[in-house]
Amino acid sequence: MLIPKHISSLIKRGEDVSLDFKQTVNNYTKIAKSIVSFANTKGGTLLIGVRDNGTISGVSPEEDKHVLQHAINFYCKPSPLFSIKEWVAEGKSVLECIIERGDEKPYYYKDSDKKWWVYVRVNDKCLLASKTTVDFMHQQNSSKPIEIEYGKVEEGILALLKTNERVTLKQVSKKLNISYRRASRTIVKLMSAGVVRSHTTEKAEFYTAS
């Protein structure tokens, strides 16, 4: 049996920042984490019924649709916009779940301990967002105008970025002799002004000049 051209092209593309393969979706928390990661980043597609190596495993479409719907309604806050398409590949059902890029960031997911977390998509992984990134998301959705006053701390951070390709929150705090909290608040303001960018990695978040 043939694989539809659209599904074949997605499989050949491989997992990346906006595409994730799932053999099945039998865990509400795990799938919710993937969903909010897409909503908090660029949006993306969950291709369900496809193994990590790109082979077709197939799914029970109605069961997996129910899990997706339940995960989005009860394990994501707020609920991201999404759509589901059902395909037949090699005689098996494959679901294409498209998660829209969110306009109500940050999106949280509820883990097995009923705690809420914000995740983002970086390359082909879902990574925990830092408090600075979460605060920036809140700032972006705020109707309150952004006012930036360039004092010693702001100028100090920009000076650090002139002499260093990248800096971390720890470096900013140490170099400028300020608390992590103040460093984070100031960086959020500079990010909102578009002069500083954050970069989430598996090891630590760092910042660069925009």
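The values are calculated or read from the model by the stated rules, or taken from the named source; none is laboratory data. The model shown is predicted, which means the values in this text are computed figures rather than measured ones. Note: ideal-geometry Cβ built from the backbone for every residue, glycine included; neighbour counts use all protein chains shown.
Miscellaneous remarks
- All positions within the stretch 170-185 that are modelled with pLDDT under 95 and on the phi > 0 side of the Ramachandran plot: none
- Number of positions in the stretch 135-173 that are of a type in the set (Asp, Glu) and farther than 26 Å from Pro106 by Cα: 2
- Qualifying positions in the stretch 143-169 - in contact (Cβ under 8 Å) with a residue 12 or more places away in the chain and farther than 16 Å from Lys189 by Cβ: Lys162, Glu165, Arg166, Thr168
- Residue within the stretch 91-112 that is exposed (fewer than 15 other Cβ atoms within 10 Å of the Cβ) and either assigned by TED's automatic domain parsing to the domain that holds Thr168 or closer than 25 Å to Lys189 by Cα (or both) present: yes
- Some residue of the stretch 182-204 being in a helix (DSSP H, G or I), under 20 Å from Leu128 (Cβ atoms) and among the small types (Gly, Ala, Ser): yes
- Once the stretch 1-38 is narrowed to residues that are in contact with a Lys or Arg (Cβ under 7 Å, 6 or more places away or on another chain) and small (Gly, Ala, Ser), the residue that is surrounded by the most Cβ atoms within 10 Å (Cβ to Cβ) is Ala32.
- Looking across Val167, Val188, one residue alone is surrounded by 14 or more Cβ atoms within 10 Å (Cβ to Cβ), in the same structural domain as His138 (by TED's automatic domain parsing) and either modelled with pLDDT of 95 or more or among the aromatic types (Phe, Trp, Tyr) (or both). It is Val167.
- Taken together, the residues in the stretch 81-110 that are part of a strand (DSSP E or B), in contact with a Gly (Cβ under 6 Å, 6 or more places away or on another chain) and either polar (S, T, N, Q) or farther than 18 Å from Gly49 by Cα (or both) amount to 1.
- Near pairs, Cβ below 6 angstrom, 6+ apart or cross-chain, from the stretch 64-84 (of a type in the set (D, E, K, R)) to any residue that is at pLDDT below 95: Asp64/Val25
Rundown of residues vs (1) touching a Pro at 6+ places or on another chain (Cβ under 9 Å); (2) under 28 Å from Pro106 (Cβ atoms), yes/no style:
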{"position": "Ile3", "(1), (2)": "no, no"}
{"position": "Leu10", "(1), (2)": "no, yes"}
{"position": "Ser18", "(1), (2)": "no, yes"}
{"position": "Val25", "(1), (2)": "no, yes"}
{"position": "Asn40", "(1), (2)": "yes, yes"}
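- Residues located in the stretch 43-52, provided they are modelled with pLDDT of 95 or more, surrounded by fewer than 23 Cβ atoms within 10 Å (Cβ to Cβ) and not in a strand (DSSP E or B): Gly43, Arg51
- Taking the stretch 93-119 as the range and being farther than 20 Å from Phe136 by Cβ, among the charged types (D, E, K, R) and without any contact (Cβ under 8 Å) to a residue 60 or more places away in the chain as the test, the residues that pass are Asp113, Lys114, Lys115.
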